[in-house]
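Note sheet for the following structure.
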Amino acid sequence: MLSDERTPSHPGAIGIALFVTVLWSSSWVLIRWGLDGEGLRPISFAALRYGLAALLVIAWMLVREPRVGSTIRRMSRSTILRIVALGVLMYALTQGAQFVAIANQPAATTSLVLSWTPLLVAGLAAVSLSELPARRQIAGAVLVVVGAWAYFAGDLGFTRVGMAAAFVGLGAGVAASLLGRGINRTRQLSPVIVTALSMTIGSAILVVVGFAAEGVPEVSAKAWLIIVWLAVVNGAFAFTLWNRSLQRLSAVESAGINNTMLIQIAALAWLFLDETPGIAEVAGIALVSIGVFLTQMSGARVGRRTTGLP
């Protein structure tokens, strides 16, 4: 079990999670450049990113966790199954679906769908994690959703494939948020081990599906730079930090922080993609900001239920 010294404080965990969302928000711009500018296909693009990231995290795990072999051998069957499920949900489904959605419709449309994540997590966390959200947190989650709708009001544009992929990503992301919190809050496994195992499983599925459906991609030098950055910084490094933050943050808190990406993506799109926000978008940003703040006002109450995810 990890010692208390290695577990971040609550403010520290919030800072870590916010920093990770900045990295992930920049990924949307980089992914668009890779898809549109370099001609990469979505699933094989995701496979290359997370496959390389998994190799890096495994190498880091072997350095940081010299007894990883014995740790894995001592893992219960239920823990192994949950880590496998986390890999499928977090990487194969959530990330794969997001790449497909970004490739087939405006990023704003996909972000709108994903903005429902904190509200769904708030409702489901009480059942699966016994983390009962406070009223302010529920109000904050609702404001996040309302703000997202206000921000993306108007002619969004969508495709059937893009919307289907976005909803798959939404469902998988909600499940992964709950499952990831359930695994990490026990502090029985280090974030490095959780990230390495789950990312390896998810990326292996992406490689098989992506290469089978889209063929082995031809990758330019610029595309490799994008892939390497996404894998090293926004992948291996960011996901390890995210799992570390989940040792302290509740599922509702982590989902609320994750939704600040709406604000960040809007700013990055304005700077790099020439997408200037209007009045509705500015109002949406304000509502999302207030909603995320409310989710941090008071922690989730942990109930006495022992069923569901531990």
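The values are calculated or read from the model by the stated rules, or taken from the named source; none is laboratory data. The structure presented is a predicted model; accordingly, all values stated were derived computationally and were not measured. FYI the Cβ positions are ideal-geometry reconstructions off the backbone, even for glycines, and counts take in every protein chain you see.
Looking across the stretch 147-158, the residues that are in a helix (DSSP H, G or I) and either polar (S, T, N, Q) or crowded, with 16+ Cβ neighbours inside 10 Å (or both) come down to GLY147, ALA148, ALA150, TYR151.
Among the residues of the stretch 162-173, the one identified as surrounded by 21 or more Cβ atoms within 10 Å (Cβ to Cβ) and free of Cβ contacts under 8 Å to residues at least 60 places away in the same chain is LEU170.
Applying the condition of being charged (D, E, K, R) and not in a helix (DSSP H, G or I) to the stretch 159-200 and asking which residue is farthest from PRO42 (Cα to Cα) yields ARG187.
The residue list VAL88, VAL84, VAL121 contains one member that is modelled with pLDDT under 75 and among the hydrophobic types (A, V, I, L, M, F, W, C), which is VAL121. Going through the stretch 67-85 one residue at a time, which ones are surrounded by 10 or more Cβ atoms within 10 Å (Cβ to Cβ) and of a type outside the set (Gly, Ala, Ser)? Across the stretch 67-85, the qualifying residues are VAL68, THR71, ILE72, ARG74, MET75, THR79, ILE80, LEU81, ARG82, ILE83, VAL84. Residues in the stretch 45-92 that are without any contact (Cβ under 8 Å) to a residue 12 or more places away in the chain and either in a helix (DSSP H, G or I) or of a type in the set (A, V, I, L, M) (or both): 12 in all. Note on the stretch 257-310: among residues that are modelled with pLDDT of 55 or more and among the charged types (D, E, K, R), the one that is surrounded by the most Cβ atoms within 10 Å (Cβ to Cβ) is GLU281. The residues on offer are LEU249, LEU206, LEU225, and the sole one that is modelled with pLDDT of 90 or more and buried (at least 24 other Cβ atoms within 10 Å of the Cβ) is LEU206. PHE99 meets all of the listed conditions (1) in contact with a Gly (Cβ under 7 Å, 6 or more places away or on another chain); (2) modelled with pLDDT of 80 or more but one, namely (1).
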